[in-house]
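K.L.:
Structure in structure tokens, see below.
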Amino acid sequence: SQQGEEDPQALSIQEGENATMNCSYKTSINNLQWYRQNSGRGLVHLILIRSNEREKHSGRLRVTLDTSKKSSSLLITASRAADTASYFCATEGNTPLVFGKGTRLSVIA
Amino acid sequence: GAGVSQSPSNKVTEKGKDVELRCDPISGHTALYWYRQRLGQGLEFLIYFQGNSAPDKSGLPSDRFSAERTGESVSTLTIQRTQQEDSAVYLCASSLDSGGRNEQFFGPGTRLTVL
């Protein structure tokens, strides 16, 4: 299985701090995507990084990808209470996206 | 219709009954996916459709689960003889292409409760 596994399972930080979440996977991929989920309902796509990319930015988000270690990280800078959500990585290879179990981020105001 | 819609938003049923869940993808999206998410868990892939190709049913947990899609439009997920273990949120997503090369757009989900 190329399932992504997020680490940590839960993270609690103060508003204004940075939050870092990690994702590891098992097989070769074409791209890796990060999604956010509020209140256990629909997911929202955050960012996609291709296998030949090492780092990507989008606003306060920074994603890195290390294909040699089969890992990715999502950094949220200057966190806000509104960033409280679950964050999932999803890997794409020869099968449809495979999602990990997510990291539950709580940002305390 | 800017986004993916799903109906019903909530469904409570008795064990042994059949249920049908509906997904309306974004117009023009050729790929459609169904996922199941149990409480506090990640997304479990169930099935995906890509255009007129045969669907990938590899994630369906049992023969009680089936799904259909009419062309590149509406899809229905049917669960027969529901069990309590089927209780979960069922999420539908669509994308322009298959294989995850484009981002997936998710609907709000249907929360199924089997009593």
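K.L.:
For Cα pairs less than 8 Å apart in space and 6+ apart in sequence, what is the mean separation divided by the residue count of chain A, i.e. the relative contact order in percent?
P.N.:
Relative contact order comes out at 39 percent.
K.L.:
Please work out whether chain A counts as rounded, prolate or oblate from its C-alpha gyration tensor, where a ≥ b ≥ c are the square roots of the eigenvalues and a/c under 1.5 means rounded, while otherwise a/b larger than b/c means prolate and anything else oblate?
P.N.:
It is prolate, given that a/c is not under 1.5 and a/b is the larger ratio.
K.L.:
Same structure, new question: Would you mind checking the pairs A:K26/B:K17; A:K101/B:K11; A:K101/B:K17; A:K56/A:K101; B:K17/B:K57; A:K56/B:K57 and listing those with alpha carbons more than 31 angstrom apart?
P.N.:
A:K26/B:K17; A:K56/B:K57
K.L.:
Here's another thing I want to ask about it. If you filter the stretch B:22-63 for trypsin sites (Lys or Arg not before Pro), then keep DSSP loop positions with at most 15 other Cβ within 10 Å, what is left?
P.N.:
Sites meeting the loop and neighbour criteria: B:R38, B:K57.
K.L.:
With no solvent and one equal point scatterer placed on each C-alpha of the protein assembly as shown, evaluate the Debye formula and give log10 I(q)/I(0) for q = 0.09, 0.15 Å⁻¹, two decimals.
P.N.:
Scattering profile of the protein assembly as shown, log10 relative to I(0): -0.36, -0.98.
K.L.:
In addition: Using only the alpha carbons of the stretch B:15-115, what is the convex hull's orientation-averaged projected area in square nanometres?
P.N.:
6.0 nm²
K.L.:
While we're looking at this one, here's another question. The stretch B:1-83: which chymotrypsin sites (Phe, Trp or Tyr not before Pro) are DSSP loop and have at most 10 other beta-carbon atoms within 10 angstrom?
P.N.:
Listed in order of number, the matching sites amount to none.
K.L.:
Hey, got the dipole for the protein assembly as shown? About the Cα centre, +1 on K and R Cβ, -1 on D and E Cβ, debye to the nearest 20?
P.N.:
Roughly 180 debye, rounded to the nearest 20.
K.L.:
Magnitude of the Cβ-charge dipole of chain A, K/R +1 and D/E -1, about the Cα centre, nearest 20 debye?
P.N.:
Roughly 160 debye, rounded to the nearest 20.
K.L.:
Can you give me the relative contact order of chain B as a percent, contacts being Cα pairs under 8 Å and 6 or more apart?
P.N.:
Answer for chain B is 38 percent.
K.L.:
Compute the distance from the alpha-carbon center of the stretch A:89-109 to that of the stretch B:47-78, in whole Å.
P.N.:
Each part reduced to its Cα centre gives a spacing of 23 Å.
Bear in mind these aren't lab numbers, they're just calculated from the coordinates by the rules spelled out. Remember, it's a predicted structure, so these values are computed and weren't measured experimentally. Please note: Cβ atoms are built from the backbone with ideal geometry, for glycine as well, and neighbour counts cover all protein chains shown.
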